[in-house]
Amino acid sequence: MLDYHIHTQISDGEASPDKTVDKLKELGVRRASITDHDSIKAYKILSQNSQKTSLDFDGLILETGVEIDCAFSPNISIEILGYGFNPQDKELNEYLSDIQEQRKSRISLYMQKINERFGQNTITGKEIFSEYTETYLKPHIIRPLLKKNIFKDYKEGNLFLKAIPDKLERIEAAKAIKMIHKAGGEAFLAHPGVYDFKYEDLVEIINKLLNKGLDGIETYYPYSLATHGKYTADTAREFITKMIKLFPDAKVSQGSDAHSIKELEILHSRRTEWAELM
């Protein structure tokens with residue numbers, strides 16, 4: 001069993017890297033990759049700053065991984081998954097440090113706008129910032145506000161934050177691919193069926209990325225379980241089949257995109273709906 005898309009508390013997941021590894025072993029996963037958003041801190045914790053591209057945890061092989069938020073064009077954002085790279089690569093670490101600082105600044109701006117709109121100290125840094133987290137994303141500020149009933153649901157909170165200008169300087173997708181290759185790794189397009197592109201546009205984007213050196217596509221993904229009704233089991237299977245036929249020379253990967261121990265348990269208990277590379 002493989003799972004090459006998992007998040008921990010280093011980004012927007014809930015569990016520590018150690019607890020995530022323990023759960024993967026318990027679930028019988030043989031090969032996996034923790035792919036936190038714009039961070040590889042999990043591997044520095046698990047491997048004590050080694051340059052190894054994979055770690056063996058009593059039969060579970062954990063390969064280095066990261067999910068990098070990229071700009072395909074000025075108006076199109078995508079996510080590139082990097083695997084099997086040197087976690088000590090200088091260029092990769094410098095970029096990740098820079099985007100992490102940008103994200104912290106963006107969270108501070110979000111806090112300011114929230115407090116201006118809903119009242120002073122509606123949200124504070126103590127509720128968001130943690131010694132464990134390295135990459136701060138919208139869930140870090142929306143989740144505590146949902147507990148306070150500031151927003152009725154996640155969608156409403158996300159719409160509020162989307163109205164605030166996004167000044168993140170995301171790396172261009174082609175540059176991200178090149179950076180991952182330079183660090184000794186491979187680059188895959190994350191969950192192609194999740195993006196809100198027209199199908200024809202998606203195919204064009206993938207072809208262009210392949211021409212820029214993209215190694216593969218995250219073909220097997222729990223679309224019917226993790227996209228809030230966008231896919232049924234049948235339409236998910238149909239989409240996956242199309243991707244394989246359209247891009248026969250591209251490598252394929254599979255991942256649960258789990259953000260918690262509970263999600264790992266749920267998604268792997270129903271792995272037959274999305275996991276084909278056993």
Centroid-to-centroid separation of the stretch 258-276 and the stretch 63-97 [C-alpha atoms, Å]: 24
Which listed pairs, of LYS148/LYS262; LYS152/LYS198; LYS208/LYS242, have C-alpha distances above 21 Å, in listed order: LYS148/LYS262; LYS152/LYS198
Per-peptide average of other Cβ atoms within 10 Å, ordering 33-40, 215-222, 115-122 highest first: 33-40, 215-222, 115-122
Accessible area per residue in Å² at 1.4 Å probe, computed on the stretch 25-128: 46
Segment GLU204-ASP56, length gained on full extension (0.36 nm per residue, minus Cα span): 49.5 nm
D_trans [Stokes-Einstein, Kirkwood Rh over alpha-carbon pairs] for the stretch 31-88, 20 °C, 1.002 mPa s, µm² s⁻¹: 178
Debye intensity ratio in log₁₀ form over the Cα atoms of the stretch 1-121, taken at each q of 0.13, 0.14, 0.18, 0.22 Å⁻¹: -0.59, -0.66, -0.95, -1.24
Subset of LYS138/LYS212; LYS23/LYS147; LYS90/LYS167; LYS19/LYS41 violating a 19 Å alpha-carbon distance limit: LYS138/LYS212; LYS23/LYS147; LYS90/LYS167
Global geometry of the stretch 123-174, whether rounded, prolate or oblate, following the gyration tensor of its Cα atoms and the 1.5 cut on a/c: oblate
Net dipole in debye of the chain [+1 Lys, Arg Cβ; -1 Asp, Glu Cβ; about Cα centre; nearest 20]: 560
HN-Hα J in Hz across the stretch 196-211 - Karplus 6.51, -1.76, 1.60, θ = phi - 60°, x for Gly and Pro: 8, 9, 5, 4, 5, 5, 4, 4, 5, 4, 4, 4, 5, 5, 4, 5
Dimensions (Å) - the stretch 178-278, Cα atoms, principal axes, largest first: 36, 31, 24
Dipole-positive endmost among ASN149, PHE129, ILE240 within the stretch 93-244 (Cβ charges, Cα centre): ASN149
Distance from the stretch 190-249 to the stretch 121-171 (C-alpha centre basis), Å: 28
Shape box of the stretch 90-244 [Cα atoms, principal axes, largest first, Å]: 51, 42, 26
Cα shape, the stretch 1-54, gyration tensor, a/c 1.5 rule: oblate
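Based on the inverse mean of 1/r over its pairs of different Cα atoms, what is the Kirkwood hydrodynamic radius of the stretch 142-223, in Å?
One over the average 1/r among Cα pairs gives 15.5 Å for the stretch 142-223.
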The chain - mean residue ellipticity at 222 nm from DSSP helices (-39,500 (n - 2.57) per run, n ≥ 4, rounded to 500): -12500 deg cm²/dmol
Volume in Å³ per residue [convex hull over Cα atoms, computed for the chain]: 127
Rounded percent of accessible protein surface that carbon and sulfur make up, the stretch 1-145, 1.4 Å probe: 43
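The values are calculated or read from the model by the stated rules, or taken from the named source; none is laboratory data. Keep in mind that this is a model prediction, so the values were computed, not measured. Don't worry about glycine lacking a Cβ; one is built from the backbone with ideal geometry, like all the others, and counts go over all protein chains shown. The area values use the complete protein model at the heavy-atom level, side chains included, leaving out ligands, DNA and RNA. Shrake-Rupley method; radii C 1.70, N 1.55, O 1.52, S 1.80 Å.
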